Amino acid sequence: MDREDADQNSADLALIGVARANAPTGPILVSVCITCKAADGATVVGPDMFESVKAAIGTSGYVQVRPVQCLSVCKRPATVAVTSVDGYTFLFGDLQTDSGTAALVSFVKSYQKSDYGLVPWRERADVLRKGMVARVPPMRWSPDDGSAPK
């Protein structure tokens, strides 16, 4: 390891410390649309996605998986939202049960330790990058200058 690598590792560790200082403090909600239908319009795919995500994440008190009736992204089923009281809200569509569930589990882990839940692009699975519908800032975000809440 040369000096540049050591300096970079120290900088990376410092960034991790900063990110944890502003990590979401309340429960993380994973809302899964249970009314999503496949492209054929007849097959309901939402309940399978909900059961898969719930089984993969578990019933931890800090992360809650809940069914919701509709996230209004009907052209991109299955749809899932990840949010917290003081963190960003992410809305993903076009998720398949097998690949989407694993990607969401990884995403939620990153969300827990990221600054305001803002998971870096490089930490998001490809299926979530392609399936991104929206990223909404926290409610307490400064309306005046767009900076982080104090």
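When Lys109 is tested against the conditions (1) under 18 Å from Arg135 (Cα atoms); (2) modelled with pLDDT under 95; (3) surrounded by 19 or more Cβ atoms within 10 Å (Cβ to Cβ); (4) under 13 Å from the mean Cα position of the chain (by Cα), the lone failure is (3).
Listed here are the residues, each with its yes/no results for (1) acidic (Asp, Glu); (2) touching a helix residue (DSSP H, G or I) at 6+ places or on another chain (Cβ under 6 Å); (3) modelled with pLDDT under 90.
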| position | (1), (2), (3) |
| --- | --- |
| Val45 | no, no, no |
| Thr59 | no, no, yes |
| Pro77 | no, no, no |
| Asp115 | yes, yes, yes |
| Val119 | no, yes, no |
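What about Ser31, is it at pLDDT 95 or above, in a helix (DSSP H, G or I), of a type in the set (Ser, Thr, Tyr) and crowded, with 16+ Cβ neighbours inside 10 Å?
Working: at pLDDT 95 or above: yes; in a helix (DSSP H, G or I): no; of a type in the set (Ser, Thr, Tyr): yes; crowded, with 16+ Cβ neighbours inside 10 Å: yes.
No; evaluated as a whole, the condition is false for this residue.
Tell me, yes or no, whether the range 88-106 has at least one residue that is at pLDDT 90 or above, farther than 23 Å from Ile34 by Cα and either surrounded by 14 or more Cβ atoms within 10 Å (Cβ to Cβ) or of a type in the set (Ser, Thr, Tyr) (or both). No, the conditions are met nowhere in the range 88-106.
The values are calculated or read from the model by the stated rules, or taken from the named source; none is laboratory data. Remember, predicted model here, so these are calculated numbers, not experimental data. As a convention, Cβ positions derive from the backbone with ideal geometry for all residues, glycine included, and neighbour counts pool all protein chains shown.
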